[in-house]
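*Asks:* Sharing a structure, written as structure tokens. Questions coming.
The values are calculated or read from the model by the stated rules, or taken from the named source; none is laboratory data. From a predicted model like this one, the values you see are computed outputs, not experimental measurements. Glycine gets a Cβ as well: all are built from the backbone with ideal geometry, and neighbour counts include every protein chain shown.
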Amino acid sequence: MSVTFTRGPHTIAVTTKLFAENRRRLCAALLKAGVPSKSVVLLEGGVEKTRYNTDAEDLPFRQESYFFWAFGVHESEFYGAIQVGTGRSVLFAPKLDPSYAIWMGKINPPEHFTKLYGVDETKLNVDNVIEQTLKEFGADPVLLL
């Protein structure tokens, strides 16, 4: 199943299939370049920035370009992992404080992001979940930017 993203009525609609294809092409290029199939690409998404010592609004959020290219994620503080040999993709969503719902709205469960972004799995980024996932993948080596 593919979900469509759009930034409004006068913009192009993009499906999550585009990001899945980007991940597939990345894995194929890495394998062709001789990267071991047990490698895992670990990417960090953007983080919202605030103005220092002011009551002005936060600065506009802009996702890290390479992270958006691979996952299509619009929210801040996400991480993503791609297992090179299999193409398996996992998002790590931030665990939001319950007070977030008061000011910002519903807190979505991990399954929401799995479906929304067309990845294999989404986990909350708590404790050592990224490290544990990399161990489960048998990551050797971990590729970072």
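*Asks:* Please report, ordered by residue number, the strands (runs of 3 or more DSSP E) entirely within segment 51-145 with at least 1 residues that are surrounded by fewer than 18 Cβ atoms within 10 Å (Cβ to Cβ) and in contact (Cβ under 8 Å) with a residue 24 or more places away in the chain.
*Replies:* On the way: elements: 79-83, 89-94, 121-125.
Fully inside segment 51-145 and qualifying: 89-94, 121-125.
*Asks:* Can you give me the number of residues within segment 77-88 that are hydroxyl-bearing (Ser, Thr, Tyr) and more than 9 Å from the chain's Cα centre (by Cα)? It would help to see each step written out before you state the result.
*Replies:* Step one: of segment 77-88, the residues hydroxyl-bearing (Ser, Thr, Tyr) are 79, 86.
Going one step further and asking which of them are more than 9 Å from the chain's Cα centre (by Cα), we end up with 86.
Count: 1.
*Asks:* Filtering segment 1-44 down to residues that are in contact with a Ser or Thr (Cβ under 8 Å, 6 or more places away or on another chain) and among the basic types (Lys, Arg), which residue is modelled with the highest pLDDT?
*Replies:* That would be Arg23.
*Asks:* Looking at the structure I just gave you, is Lys38 of a type outside the set (Ser, Thr, Tyr) and not in a loop (DSSP other than H, G, I, E, B)? Walk me through it before giving the result.
*Replies:* Details: of a type outside the set (Ser, Thr, Tyr): yes; not in a loop (DSSP other than H, G, I, E, B): no.
Taking the combined requirement at face value, the residue does not satisfy it.
Yes/no matrix, rows are residues, columns are (1) farther than 20 Å from Phe5 by Cβ; (2) under 13 Å from the mean Cα position of the chain (by Cα):
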| site | (1), (2) |
| --- | --- |
| Pro36 | yes, no |
| Val41 | yes, yes |
| Thr50 | yes, no |
| Arg62 | no, no |
| Gly72 | no, yes |
| Pro98 | yes, no |
| Leu116 | no, yes |
| Leu124 | yes, yes |
